[in-house]
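The values are calculated or read from the model by the stated rules, or taken from the named source; none is laboratory data. Because the structure is predicted, anything quoted here is derived from the model rather than measured. Quick reminder, even Gly has a Cβ in these numbers, built from the backbone with ideal geometry, and neighbours come from all protein chains shown.
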Amino acid sequence: MKLLDGKATAAQIQAELAAAVQARKQEGKKIPHLAAILVGNDGGSVSYVTSKVKACEAIGFESTLIRYDETVPEDILLEKVQSLNVDRSIDGFIVQLPLPKHIDELKITQAIDPKKDVDGFHPRNLGNMILNLPGFLPATPAGIMELMRRNNIETEGKNCVILGRSNIVGTPLSIMLARNTNPGNCTVTLAHSKTKNIKALCREADILIAAIGRPNFVTADMVKEGAVIIDVGTTRVDDATRERGWRLVGDVKFDEVAPKTSFISPVPGGVGPMTIASLMMNTLKAMELKAK
Ligand code: GUN
């Protein structure tokens, strides 16, 4: 078993991005600037956005965090999106999801200028992804692809089962892994809550990707000997032994599954840091595209 160390891989990417920033500085060029909109105080969202801002600082990107109370009206948020769209100093921005129930997420996502949509959630970027045209790829699936690429995971002709069909992970990843690329060329099965015989299906997987947000769902009896396992789950569970009172738990029962695998990504330290790394790569790309 080899660990798919997302923390180490992301650190390598961040070092490459920091070098690119230094080179730009020396040439007197603009430094990438990422803005993030955060609505409310959900613990998970606050810590994701904090990590994104910290990553900007570590790399040398500029960052702006815009916070709203969770009662913010939809039209105020839309106005902010529109002002970021036309703000020349901002190269890319994100609106952290989920948003409170009174706000239409799709409306907000569709209001973002696709050229600044570094999360790759706008329908135009998702459409470009399907057609293999240039655009921004969603950060988590792109981070998983990069984790596989940098760790030389063979994917061609492999049976890949993805658990979870969310718009931001399972569905785009199923398309990316089926494309004629490397990584890619997998035979993909996208499983979800209505899928029958999920255990038997998982046992056929050469590559199993769990993105359902159900702690410890994948157990050893669901895993083929030598499979590659990627765990996208990040659920907070109470843990009185920790000072902060919780810990992050993945969708895979790591201790019993790991010995059966060829590669496995841990939680934390697997996909999470890669999501942030790919957001940073998208931000640099947004700025370079704008310069062209
Ligand atoms: N919520 C969970 N993951 C993400 C992400 O990658 N981007 C945004 N904007 N919200 C999220």
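Overview of values
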{"item": "Enumeration of residues in segment 170-189 that are touching a residue at least 40 places away in the same chain (Cβ under 8 Å) and closer than 20 Å to G213 by Cα", "result": "G170, P172"}
{"item": "Whichever residue in segment 184-210 is assigned to a loop (DSSP other than H, G, I, E, B) and touching a strand residue (DSSP E or B) at 6+ places or on another chain (Cβ under 9 Å) and, among such residues, is surrounded by the fewest Cβ atoms within 10 Å (Cβ to Cβ)", "result": "E204"}
{"item": "In segment 136-149, the residues that are more than 16 Å from the ligand (Cβ to nearest atom) and crowded, with 17+ Cβ neighbours inside 10 Å", "result": "M148"}
{"item": "Any hit, segment 35-58, residues being in contact with a helix residue (DSSP H, G or I) (Cβ under 7 Å, 6 or more places away or on another chain), assigned to a loop (DSSP other than H, G, I, E, B) and surrounded by fewer than 22 Cβ atoms within 10 Å (Cβ to Cβ)", "result": "no"}
{"item": "Residue tally, condition part of a loop (DSSP other than H, G, I, E, B) and not small (G, A, S), over segment 120-174", "result": "20"}
{"item": "Failed item in (1) within 14 Å of the ligand (Cβ to nearest atom); (2) in a helix (DSSP H, G or I); (3) within 22 Å of A10 (Cβ to Cβ), with V81 passing the rest", "result": "(3)"}
{"item": "So G213, is it more than 30 Å from F61 (Cα to Cα), within 15 Å of the chain's Cα centre (by Cα) and surrounded by 15 or more Cβ atoms within 10 Å (Cβ to Cβ)", "result": "yes"}
{"item": "Residues of segment 99-109 that turn out to be part of a loop (DSSP other than H, G, I, E, B) and within 10 Å of the ligand (Cβ to nearest atom), as a count", "result": "1"}
{"item": "Test for K260: is it surrounded by fewer than 23 Cβ atoms within 10 Å (Cβ to Cβ), more than 16 Å from the ligand (Cβ to nearest atom) and closer than 30 Å to P114 by Cβ", "result": "no"}
{"item": "Residue in segment 86-98 that is in a loop (DSSP other than H, G, I, E, B), among the aliphatic types (A, V, I, L, M), at pLDDT 95 or above and within 13 Å of the ligand (Cβ to nearest atom) present", "result": "yes"}
{"item": "Residues (surrounded by fewer than 17 Cβ atoms within 10 Å (Cβ to Cβ) and β-branched (V, I, T)) located in segment 67-79", "result": "T71, I76"}
{"item": "When residues of segment 30-59 are limited to those that are among the hydroxyl-bearing types (S, T, Y) and either more than 25 Å from M287 (Cβ to Cβ) or in contact with a strand residue (DSSP E or B) (Cβ under 8 Å, 6 or more places away or on another chain) (or both), the one nearest to the ligand (Cβ to nearest atom)", "result": "S45"}
{"item": "Residue ID - nearest to the ligand (Cβ to nearest atom), chosen from residues in segment 110-134 that are crowded, with 20+ Cβ neighbours inside 10 Å and either among the β-branched types (V, I, T) or without any contact (Cβ under 8 Å) to a residue 60 or more places away in the chain (or both)", "result": "F121"}
{"item": "Sole residue being more than 30 Å from D91 (Cβ to Cβ) and either touching a helix residue (DSSP H, G or I) at 6+ places or on another chain (Cβ under 7 Å) or touching a residue at least 12 places away in the same chain (Cβ under 8 Å) (or both), chosen from V267, V271, V232", "result": "V267"}
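Conditions (1) closer than 18 Å to G6 by Cβ; (2) part of a helix (DSSP H, G or I); (3) touching a Cys at 6+ places or on another chain (Cβ under 9 Å), marked per residue:
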| residue | (1), (2), (3) |
| --- | --- |
| K224 | no, no, yes |
| R247 | yes, no, no |
| D255 | no, yes, no |
| I276 | yes, yes, no |
